[in-house]
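Structure, as structure tokens:
FYI, it's all coordinate maths here, none of it is from the lab. If you're wondering where the values come from, they're calculated on a predicted model, not measured in any experiment. Cβ atoms come from the backbone with ideal geometry, glycine included; neighbour counts cover every protein chain shown.
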Amino acid sequence: MWQLRQAFSRQEKTNKLLENLEKLREEGSVDEGTYSRLKDEYDKSLEASRAELERIKGQLAANLGKKEEQLGRLREELKILEGRFKVGELREADYQSRRQRTLASVARTEREVSQLKNLISSTSSADVGGYADVDIKPSRGISMPKLPELGIGGFPALENVLTPLRIAGAIAGLLMLIFVFLPWVSVEYLGSSFGFKALETISAQEDKVRDFNIGGIIALLAGILAMVASVVLARPSIRGLGYVGAGILGIAGIGIFCGIFANSYQDAVHQAENGFGSLSYSPEAGGIVYLVAALAMLVIGYLELRQERR
């Protein structure tokens, strides 16, 4: 659907540009040379968009044919199942179980057939999620447009790549990666303060102060996943799933870290009570900022998924 939405949007944008060009010509705001050059360029773009729409809808039609064949086979399978049950080959429990599975497949395939038909019959971007601001010239190698023709920072494609949600996701992911290496909690003992990062926990052993915490590994993987989703994944729906996964993984890492640290802290308290001092702990900015970034990642992922559906 995303490719169809882009093709429709490109066609609609080009038609609008042609309308504007014609108005400028009527007003005498452009000379004939400029008018001819731009009109030729827009006509070629419009022709390319139409060809792209035909190609995409051709692929959709081919998929529709396969789905309709599959739907026919499933319906025939239902009839055969009923026949096997009536002649006594299948027990009722087996028949009902297989029938329900086949009915679920029929319903799913019917939805897919309906969706494909709607896409094939679509006539504008409004039918496939709404208008998306796209470049009317798909990239074909290296081109150096004149300065006034450049988009964001001189790169037209960045209008679609550097979306606000993608930038926000990259920032939240970067914060997760940075603050996983900063103290999440601090412990005071005999007037001294010890900061513990996500990968560390307090140890009750006398000869050790820090021990390993697997929650930090999970938190670190969440930050890496968030950055990969921001940098690598182009489609909003897939990127949104990556963001949601990173947020869930990050919160899970925090939970595991807290559980391990709490157990280790209780052991250390008992050891300290047998000694000459007492322990106390307090949260640090590293853990708080990481939690905020992980929650923000969930929100950004949800918004990316919602944007794809529109």
- Note on the structure: Label model pair A61, Q96: point-to-point distance (7 angstrom along the Cα→beta-carbon line) in nm is 4.6
- Which FRET efficiency value, to the nearest 0.05, do you get for L295 and T163 by plugging their Cβ-Cβ distance into 1/(1 + (r/R0)^6) with R0 = 30 Å? 0.90
- Provide the gained length on full extension for the span D211 to K16, in nm with one decimal, where the gain is 0.36 nm per separating residue minus the Cα-Cα distance. 63.8 nm
- Message: Take R37 and Q3, extend 7 Å from each Cα along the Cα→Cβ direction, and tell me the distance between the two endpoints in nm.
- Response: 3.4
- Message: If R₀ is 25 angstrom, what is the calculated FRET efficiency for the pair L78 and Q115, using the beta carbon separation as r and rounding to 0.05?
- Response: 0.70
- For segment 2-128, what is the Kirkwood hydrodynamic radius in Å, using each pair of distinct C-alpha atoms? 18.5
- Task: With only Lys, Arg, Asp and Glu charged, each at its Cβ (+1 for the first two, -1 for the last two), find how big the charge dipole of segment 2-128 is about the Cα centre; round to the nearest 20 debye.
- Result: 920
- Under 16 Å by backbone N from the virtual spin label 7 Å along Cα-to-Cβ at V106, the residues of segment 58-100 are 68-86, 95-100
- How much net charge surrounds A229 when only the other residues with a Cβ under 10 Å from the Cβ of A229 are counted, with Lys and Arg +1 and Asp and Glu -1? +1
- Note on the structure: Contour minus Cα-Cα span, S280 to S124, at 0.36 nm per residue, comes to 49.8 nm
